[in-house]
Amino acid sequence: MSATVGIVLVSHSAELASGLRLLVEQIGSDTVPVVTAAGTDDGRLGTSYDLVRKALQDADRGAGVLILPDLGSSVLTTRTVLDDHPRADAVIADAPFVEGAVAAVVAAASGADLRAVAKSAEEARHVRKQ
């Protein structure tokens with residue numbers, strides 16, 4: 001079997017990220033590595049440089065990693081990690097956190113490459129709910 005794109009959920013809340021991970025794991029089966037980087041190192045609300053860096057390593061299965069941050073400073077923290085440790089195979093998706101994660105996992109589970117997984121996540125922004 002070929003490598004699958006990994007997904008990293010970067011959130012201010014460990015509970016929020018864990019709940020989303022449970023949801024997408026049920027949708028994407030166990031073929032897509034979904035890793036959270038959520039909260040601070042000591043368990044408070046916030047984001048952690050070290051947790052983001054470790055999550056990138058843990059989600060990497062050789063096909064790249066798509067990163068889905070929830071709010072402003074999670075984006076800044078992720079950008080800082082990628083600036084300090086550049087990698088061509090890691091992409092931050094400009095996508096809604098929940099809908100983007102679902103779309104990304106579905107695409108990754110179908111064998112899509114990193115570019116297609118990112119596109120799926122970002123297109124989730126335009127799915128109407130009525």
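The values are calculated or read from the model by the stated rules, or taken from the named source; none is laboratory data. What you see is a predicted model; the values in this text were computed from it and never measured. Glycine gets a Cβ as well: all are built from the backbone with ideal geometry, and neighbour counts include every protein chain shown. Only protein heavy atoms, including side chains, enter the accessible area calculation; ligands, DNA and RNA are left aside. Shrake-Rupley method; radii C 1.70, N 1.55, O 1.52, S 1.80 Å.
Below is a table of values for the structure above.
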quantity: Any hit, segment 30-39, residues being more than 13 Å from the chain's Cα centre (by Cα), under 22 Å from Lys119 (Cβ atoms) and modelled with pLDDT under 95; calculated: yes
quantity: Hey, Lys119 over 19 Å from Ala63 (Cα atoms) and either assigned to a helix (DSSP H, G or I) or modelled with pLDDT under 95 (or both) or not; calculated: no
quantity: Pick from segment 75-130, criterion in contact (Cβ under 8 Å) with a residue 60 or more places away in the chain and of a type in the set (S, T, N, Q), ranking: farthest from Ile27 (Cα to Cα); calculated: Thr77
quantity: Subset of segment 44-68 (residues that are touching a residue at least 12 places away in the same chain (Cβ under 8 Å), outside any helix (DSSP H, G or I) and not acidic (Asp, Glu)); calculated: Leu45, Gly46, Thr47, Ser48, Arg61, Gly62, Ala63, Gly64, Val65, Leu66, Ile67, Leu68
quantity: Filter result (of a type outside the set (D, E, K, R), open to solvent by 60 Å² or more (accessible area, probe 1.4 Å) and more than 15 Å from Asp84 (Cβ to Cβ)) within segment 49-65; calculated: Gly62
quantity: Test: Val81 is of a type in the set (Val, Ile, Thr), out of contact with any Phe, Trp or Tyr (no Cβ under 8 Å at 6 or more places or on another chain) and either open to solvent by 50 Å² or more (accessible area, probe 1.4 Å) or not in a loop (DSSP other than H, G, I, E, B) (or both); calculated: no
quantity: Pairs with Cβ under 6 Å, 6+ apart, first in segment 21-41 and without any contact (Cβ under 8 Å) to a residue 60 or more places away in the chain, second open to solvent by 30 Å² or more (accessible area, probe 1.4 Å) and assigned to a loop (DSSP other than H, G, I, E, B); calculated: Pro33/Arg61
quantity: Selection status of Leu76, open to solvent by 50 Å² or more (accessible area, probe 1.4 Å) and at pLDDT below 95; calculated: no
